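Inspection log for the structure reproduced underneath, given as structure tokens.
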Amino acid sequence: MPAQKDLKRIIRTRMQKTGESYTAARLHVVKPSPSTKNNPDIASAVNAPAPADFEALAGMSDESVKKATGCDWARWVRELDRHGASAMSHGDIVRLVSNSWNTGSWWSQMVTVGYERIRGLRQKGQSREGSFRVTTSKTITAPAAEIFQAWRNARARAKWLPGVKLIVRTATAARSLRMRWEDDTPVAVAIYPLAPGKYRVSVEHQKLASREDVDRLKAFWKQALAALAAQWKTTD
């Protein structure tokens, strides 16, 4: 794998500088230290999980990601490593995936998050900044404009999300909304087209303080989306 090649390259560079044997140089390179921990090439090589573990780490099966994007996780990791993605920000990886592979906004995010989990850049449910987030989604068969208004309009929202105060900050008609939860944590909603009249509605609740918040709000948003979808014919 590219990570192992990077490790060998770093070891051989040290051998040329110090005259050490390969074994001695490797011991110095792999030994945890501030310099090795902060070197993304070494970190990814030393801590690289086996391809058999990629599905579990990413939180999505090879079958699903390959069906949607044409690449399994081993291929995605190989390609993104080749582009130096482990040293990029989340947004930069998303743009790389979207622009280079034309995966669409939904799958660009999913591939990026899966890669970041595989490479140890975030835990499941955790953002790159260290806070936690929860994401859930549901497929709804209904006009995008109606789905959007069910979120955008406070009176319409109260029919399926009663007693919850959400403040809409920005909105793009029939596509997305950014809102604030009661405790001022951000909630992002995206409406992705799947087929004529069918949309994947995704909710991402960000900047959560703990895994307990993730578990609690995962269940909450799953129920909320079910209540939203109950207004129309749905497909899970």
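The values are calculated or read from the model by the stated rules, or taken from the named source; none is laboratory data. What you see is a predicted model, and the numbers here were worked out from it, not measured in a lab. Every residue, glycine as well, gets a Cβ built from its backbone with ideal geometry; the counts of neighbours run over all protein chains shown.
Filter the range 190-210 down to the residues that are exposed (fewer than 13 other Cβ atoms within 10 Å of the Cβ) and of a type in the set (A, V, I, L, M) and list them by number.
Within the range 190-210, the first condition is being exposed (fewer than 13 other Cβ atoms within 10 Å of the Cβ), and the residues that meet it are 195-196, 209-210.
Result: Ala195, Ala209.
Right, Ser210: farther than 25 Å from Thr172 by Cβ, touching a residue at least 40 places away in the same chain (Cβ under 8 Å) and not assigned by TED's automatic domain parsing to the domain that holds Trp107 or not?
Criteria met by Ser210.
Applying the criterion of at least 3 residues that are buried (at least 21 other Cβ atoms within 10 Å of the Cβ) and of a type in the set (A, V, I, L, M, F, W, C) to the helices (runs of 4 or more DSSP H) found wholly in the range 56-139 leaves 73-82, 104-118. Selection of the range 119-167 for residues being within 16 Å of Arg178 (Cα to Cα), among the polar types (S, T, N, Q) and at pLDDT below 95 yields Thr135, Thr136, Ser137. If only residues of the range 143-159 that are surrounded by 17 or more Cβ atoms within 10 Å (Cβ to Cβ) and of a type in the set (Gly, Ala, Ser) are counted, the one that is farthest from Ala224 (Cα to Cα) is Ala144. Out of curiosity, is Ala174 small (Gly, Ala, Ser) and either in the same structural domain as Ser61 (by TED's automatic domain parsing) or out of contact with any helix residue (DSSP H, G or I) (no Cβ under 6 Å at 6 or more places or on another chain) (or both)? So Ala174 fails the test. Annotation note: Cβ proximity below 7 Å between a residue of the range 213-236 that is at negative phi and surrounded by fewer than 13 Cβ atoms within 10 Å (Cβ to Cβ) and a residue that is modelled with pLDDT of 90 or more and of a type in the set (S, T, N, Q) (sequence gap 6+ or interchain) occurs for Lys233/Thr141; Thr235/Thr139; Thr235/Thr141; Asp236/Thr139. Are any of the residues in the range 83-104 hydroxyl-bearing (Ser, Thr, Tyr) and in the same structural domain as Glu212 (by TED's automatic domain parsing)? No, the range 83-104 contains no residue that is hydroxyl-bearing (Ser, Thr, Tyr) and in the same structural domain as Glu212 (by TED's automatic domain parsing).
Restricting Val203, Val187, Val214 to those that are modelled with pLDDT of 95 or more and either more than 28 Å from Thr141 (Cβ to Cβ) or touching a helix residue (DSSP H, G or I) at 6+ places or on another chain (Cβ under 7 Å) (or both) reduces the list to Val203.
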